[in-house]
Protein chains: 2
Amino acid sequence: MRYSDTHKDETRKTVVQAAAAAVRSKGPEGVSVAEVMAAAGLTHGGFYAHFPSKEALVVAAIDEAFGSSSRRFARLTDGATRSEALATFVDTYVTMRHRDHPEGGCPVATLSSDLPRQGRAVRDAYERGLWSLVRRIAGWLPEGTPDPESVAASLVAEMAGSVLIARAISDDAEADRLLAAARHRIKHRMGLPP
Amino acid sequence: MRYSDTHKDETRKTVVQAAAAAVRSKGPEGVSVAEVMAAAGLTHGGFYAHFPSKEALVVAAIDEAFGSSSRRFARLTDGATRSEALATFVDTYVTMRHRDHPEGGCPVATLSSDLPRQGRAVRDAYERGLWSLVRRIAGWLPEGTPDPESVAASLVAEMAGSVLIARAISDDAEADRLLAAARHRIKHRMGLPP
DNA sequence: CGCATAATATGATGATCATCATATAAAGGC
DNA sequence: GCCTTTATATGATGATCATCATATTATGCG
């Protein structure tokens, strides 16, 4: 073994992270293999030593995107009560920062409309990530909430939809106003303090 | 004038309608000029006699998509009261039929994540259509609703988000369950009868 | 310090696509 | 029925891209 045992794995990880950002900012079709490799500091040629196809990269990128969001929220809500965690989530998600940084944001608010056009492997990866997000949120709902998964899915729908709409609005102040209103409405509905 | 005055206009309209469907089912980048022309019963060559660029076609397609949705709902809600119109809208939008037919559905639930990556002309067309949808819905809210536009935008967010999520869920029964739950929750919140 | 090999780079290849140049066809006035 | 003009078709062109074949580099063992 001429290179360290971990060298290739580390390279692969770098590529996947570059892809996770690129896929979110430019879409699965909008990004080229060469571009991702360049972003990872490499050239396109070595790509097929790491992935059997571009689709496999997209799958890994989606897993990574959901995973890193998930890890970030786990950190943010560590030790918080259910309602604190939920409030933190809403306050972090429905924001101008999220609107303006799709590359690091929630894949649901970035890839949703591309998804039905992707191959099965990509759709499966997305669905896995989506369910894990929904289940996490369902776990933050008040105990005894009936059908918590569908409530959580509705919440994700409204939050992601709000960010998507805010992205379509060119006027920053207007977008900000809509996001703030959505945030307050959601928190009010969930019985959270403003 | 060797062809009838309206011949070219009619052809153009056919092309735009084909594009409106194609853009929604395959995305602005996923669709090719030749494909759209073929769907309209033509070959690709004549395209530039009708449009200066593919982008111009996408703009026209988005206008048409929003316009035809808008005309359909105007027909459906003709003569209805505000709350009837709103209920009809929710019951038509948050459905499996809409989930399964993006090509004829709401552009918000189909193009949202592609949009930030498009050129200004396309984004402007989308924003125009989005605002007109939001204003239409705002007009159906109970009189005296404060900040009706942001309430309407939230509604669109939740409805479009629900359809997007339902499209990501491979299990039809599960998707149906989520949509029904979202529909009931939205109507309940708006004070509408189930 | 050189060598075997894993990791990456360079450089095709063939496909798809927007765009454009040129050729053909259709349609109504004469 | 023919001829002019408008509308459409055929057929490049150059760009981008996924994929693959081959060359080069870098690493640590002997």
Per-region count, region A:25-61, residues within 12 Å of DNA strand C (Cβ to nearest atom), assigned to a helix (DSSP H, G or I) and of a type in the set (Val, Ile, Thr): 2
Scope region B:154-176; condition more than 16 Å from the chain's Cα centre (by Cα), free of Cβ contacts under 8 Å to residues at least 40 places away in the same chain and closer than 15 Å to B:Tyr93 by Cα; matching residues: B:Ser154, B:Ile165
Looking at region B:31-51, can you tell me whether even one residue there is among the charged types (D, E, K, R) and within 18 Å of the chain's Cα centre (by Cα)? no
Residues to consider are A:Ala19, A:Ala60; find the one that is under 14 Å from the mean Cα position of the chain (by Cα), within 12 Å of DNA strand D (Cβ to nearest atom) and farther than 30 Å from A:Lys187 by Cα. A:Ala19
When only residues in region B:37-72 that are closer than 19 Å to B:Leu111 by Cα, out of contact with any Phe, Trp or Tyr (no Cβ under 8 Å at 6 or more places or on another chain) and aliphatic (A, V, I, L, M) count, which is surrounded by the fewest Cβ atoms within 10 Å (Cβ to Cβ)? B:Ala56
Residues of region A:63-90 being at pLDDT 95 or above, closer than 21 Å to A:Ile186 by Cα and of a type in the set (Phe, Trp, Tyr), in sequence order, are A:Phe89
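Rundown of residues vs (1) within 7 Å of DNA strand D (Cβ to nearest atom); (2) modelled with pLDDT of 95 or more, yes/no style:
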| site | (1), (2) |
| --- | --- |
| A:Tyr3 | yes, no |
| A:Asp9 | no, no |
| A:Val15 | no, yes |
| A:Arg24 | no, yes |
| A:Gly27 | no, yes |
| A:His44 | yes, yes |
| A:Ser53 | yes, yes |
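The values are calculated or read from the model by the stated rules, or taken from the named source; none is laboratory data. As the structure is a computational prediction, the values presented were derived from the model and not from experiment. So basically every Cβ, Gly included, is an ideal-geometry build from the backbone, and we count neighbours across all protein chains shown.
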